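Structure first, then comments.
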Amino acid sequence: MDLLTANDRQGEYPPSYYAQTAEHLDRFPAAKGALECDVCVVGGGFTGLSTAYHLAQRGYDVIVVEAQRVGFGASGRNGGQVSMGQRRDQEDLEAMVGDTHARQLWDIGAQAVDLVRSLCKTDEVRTTFHDGIVHTVHRKRDHRHNSVYVDHMRSKYGYEKISLLSPDACREIVNSPAYHGGTLDLGAGHVNPLELVLGLARLAAKSGARIFEQSKVIGIDEGEPAYVKTDAAKIKARYLVLGCNGYLGTMHGHVAARVMPINNFIVSTAPMSPDAQEAIIRNNYAVADSKFVVNYFRFSEDHRLLFGGTESYGYRFPKDIAKAVRKPLIEIFPQLKDVTIDHAWGGTLGITMNRMPHYERMGGNILTLSGFSGAGVALATLSGQIAAETIAGQAERFDIMAKVPTLPFPGGPALRSPLLVLAMLWYSLRDKL
């Protein structure tokens, strides 16, 4: 199944709130004929466009090939949360890779947020960075760990922007009976993700990168140089960067065995008044909960609740996404049982076994950076900067990320889908206990 067209129309953005309200770019041409460049980047999302921008700023001749439109994939349709650190908690990382390496990973995660903040201050990126993410727990027994974790981050990492929310304090901010405390991270925040990725495209093109849309890669000949083939072009490149995340498909079997596509779904409500917004979530914070199938939500600039969640047991989107997402929305906010839903859309992201990004250098001149597991707004954007500096000869941050082991899914691409179904069913049941 080709996930580029399984649920979406060729050359069109999904029917999302973001796509309806964004300041769209003129279409870029399709790649044609024999082309040559220093670096060919496959994928026009956060990773690919950030790579192109940062390389072009260094004077490299860069070509980006995107199978659909820039920002078509997860980069342009996600929840917009810009989280600190990595996808895994620091305590988990310390147990996984040791204290020194875990600290390096934390620093890289913080740099990712700083990069997004700085990009949002440019004229080309037309979205505001809003401070604050509340992480809530859905089980009483989990609240004690919040206190331990906040103390850990403050004492060991010197991170003072995180604070503990008691159950009452949490409900003062997030007006839901579903949660039993949480943490507030004022170092994190949220943005309009499609506006961010369109801004990266503006920056890349302004810096001299050549961007081609509706140019699906149908083959790669690895070597030095590498050759990238579309149905109408053959591109010769000294370096190749794969930034496809959940939309990699069968392009590279080694990566596909380690990065699995899964679907997630979001709705936007009709606009509310500013007072009604404050009665749901105070201070315009974003929220993510502790369920395995995470519920995540925030408000848009025009006071719509953007609510994401619900699991998918196959690669086809549900026929009625709004109905599927309304269920968890009402579980979290029963006071919104009659709310009008104006937009509903789905998207495909890439996950790894350990929920850490998969970085790998293949053949010396090919880099792959993907598997951001729902934390890609910050980490995928920074990954482009890291890819650029690696090609330029400074690979320290790339190597720090690449040292985290990302094992293949059992059975590889052939068995990962049925195993995902079993895992999702199990964790969905566990979330209810």
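Name the residue that is surrounded by the most Cβ atoms within 10 Å (Cβ to Cβ), counting only residues in segment 7-23 that are among the polar types (S, T, N, Q), in contact with a strand residue (DSSP E or B) (Cβ under 8 Å, 6 or more places away or on another chain) and outside any helix (DSSP H, G or I). So that I can check it myself, show each step before the final result.
Residues of segment 7-23 that are among the polar types (S, T, N, Q), as a first pass: 7, 10, 16, 20-21.
From what's left, in contact with a strand residue (DSSP E or B) (Cβ under 8 Å, 6 or more places away or on another chain): 7, 16, 20.
Pick out the ones that are also outside any helix (DSSP H, G or I) and you get 7, 16.
On the way: Asn7: 18, Ser16: 23.
Step by step, filter segment 7-23, then rank; the result is Ser16.
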Among the residues of segment 362-385, which ones are in contact with a helix residue (DSSP H, G or I) (Cβ under 9 Å, 6 or more places away or on another chain), at pLDDT 95 or above and more than 17 Å from Phe46 (Cβ to Cβ)? Asn365
I'd like to check something: does segment 81-99 contain any residue that is assigned to a strand (DSSP E or B) and within 23 Å of Arg154 (Cβ to Cβ)? yes
Among the residues that make up segment 50-58, is at least one of them aromatic (Phe, Trp, Tyr), more than 18 Å from Ser373 (Cβ to Cβ) and part of a helix (DSSP H, G or I)? yes
Residues of segment 68-96 being over 30 Å from Ala30 (Cα atoms) and among the small types (Gly, Ala, Ser), which ones? Ser83, Gly85, Ala95
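Checking the conditions here, which among Arg298, Arg304, Arg355, Arg326 is under 20 Å from the mean Cα position of the chain (by Cα) and crowded, with 19+ Cβ neighbours inside 10 Å? Walk me through how you get there before you give the answer.
On the way: Arg304 fails: under 20 Å from the mean Cα position of the chain (by Cα); Arg355 fails: crowded, with 19+ Cβ neighbours inside 10 Å; Arg326 fails: under 20 Å from the mean Cα position of the chain (by Cα).
That would be Arg298, the only listed residue that is under 20 Å from the mean Cα position of the chain (by Cα) and crowded, with 19+ Cβ neighbours inside 10 Å.
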Note on Ala388: of the conditions (1) of a type in the set (Gly, Ala, Ser); (2) more than 20 Å from Arg87 (Cβ to Cβ); (3) assigned to a loop (DSSP other than H, G, I, E, B), unmet is (3)
Where a residue in segment 174-186 is farther than 9 Å from Val134 by Cα and at pLDDT 95 or above and its partner, wherever it lies, is aliphatic (A, V, I, L, M) and in a strand (DSSP E or B), with Cβ under 6 Å and at least six apart: Gly181/Leu165
Looking at segment 155-171, which of its residues are part of a helix (DSSP H, G or I) and either small (Gly, Ala, Ser) or under 19 Å from Gln104 (Cβ atoms) (or both)? Ser155, Lys156, Tyr157, Ala169
Please determine whether any residue of segment 24-41 is at pLDDT 95 or above, buried (at least 24 other Cβ atoms within 10 Å of the Cβ) and in a helix (DSSP H, G or I). no
Any pair with Cβ under 7 angstrom, 6 or more apart, that starts in segment 197-217 at a residue that is closer than 16 Å to Gly76 by Cβ and ends at one that is modelled with pLDDT of 95 or more and of a type in the set (Ser, Thr, Tyr): Val197/Ser75; Gly199/Thr122; Leu200/Ser50; Leu200/Tyr53; Leu203/Tyr53; Leu203/Thr122; Ala204/Tyr53
Would you pick out the residues in segment 297-341 that are in a strand (DSSP E or B) and farther than 21 Å from Tyr179 by Cα? Ile341
Ala270 meets each of (1) farther than 30 Å from Leu165 by Cβ; (2) at pLDDT 95 or above; (3) not charged (D, E, K, R) with one exception, condition (1)
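The values are calculated or read from the model by the stated rules, or taken from the named source; none is laboratory data. Bear in mind that the values here come from a model prediction, so they are computed numbers and not experimental data. Quick reminder, even Gly has a Cβ in these numbers, built from the backbone with ideal geometry, and neighbours come from all protein chains shown.
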